[in-house]
Every structure is written in C-alpha cells, then in structure tokens.
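S.K.: Attaching a single structure in structure tokens format; questions to follow.
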C-alpha cells in the first residue's frame, strides 16, 4: 500500500461521508500522485477480510473503474444501483492495481466499506 493518504471524493462532494447508499448510483474518485499508464485495477468488497464471498466487484477498464493516467492519475469508480443492492452494513474492501508486463500487484487502499440504508423509500 502507498505510504500517504489518498483522498476520496464522493459524487463531487468533497466531504467526510464516504459511505455508499444501498440501491444508489455513486461515483468515488481517487487521486493518485503517480502515472498509472498501462495499469488496471480491481476493487472487491467482502463480508470480512478472509471471506471467499465477493459482495461487490468493480474492475478496469470496462466494469466500473476508469483510470485517467497522467503525472497525477485519477481512478474513478462507478457503483451502479444494481451493484449497491447489498444489505446495509460495514464490510471490508481493497482496491488493487496491476501493471502489464510485470508481476506487480499493489493494494492502493483497503479498509472498511459501509453500505448505508436508503433514507427515502
């Protein structure tokens, strides 16, 4: 994992609330201070760190994650209504990047992932 703090921006709102609402469309943007040209990434959410059950998965380049590479790269993760149809709770997640041509597998971030119940029904 990288040795500095990454800042997530949720749906354009630069705040502290990075939980995702159940059955909602949500975009999280991650800024990474390096060129990720040629990299792919995968995000998985599981009930616990050691669980074999995958509750939610996104990957690049065509399943919810887009990497805009440059001197500073941006990773955009799009969580659709269908992907967030998960029982509210606190789960665990990891976002991994992989580069072609080498065996580099690096976890950018990992930790708790909260699915919050929808307030308006």
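Yes or no, residue by residue, for (1) within 16 Å of the chain's Cα centre (by Cα); (2) assigned to a strand (DSSP E or B); (3) modelled with pLDDT of 90 or more:
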| site | (1), (2), (3) |
| --- | --- |
| 51 | no, no, yes |
| 54 | yes, no, yes |
| 95 | yes, yes, no |
| 98 | yes, yes, no |
| 106 | yes, yes, no |
| 110 | yes, yes, no |
| 114 | yes, yes, no |
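S.K.: Being surrounded by fewer than 19 Cβ atoms within 10 Å (Cβ to Cβ), free of Cβ contacts under 8 Å to residues at least 24 places away in the same chain, in contact with a strand residue (DSSP E or B) (Cβ under 9 Å, 6 or more places away or on another chain) and assigned to a loop (DSSP other than H, G, I, E, B) is the filter here; which residues of the stretch 56-85 pass it?
M.R.: Selection gives 61 alone.
S.K.: Among the residues of the stretch 31-49, count how many are under 13 Å from residue 94 (Cβ atoms) and either without any contact (Cβ under 8 Å) to a residue 12 or more places away in the chain or not in a loop (DSSP other than H, G, I, E, B) (or both).
M.R.: So the answer is 6.
The values are calculated or read from the model by the stated rules, or taken from the named source; none is laboratory data. Keep in mind that this is a model prediction, so the values were computed, not measured. In this analysis, Cβ positions are derived from the backbone assuming ideal geometry, glycine residues included, and neighbour counts consider all displayed protein chains.
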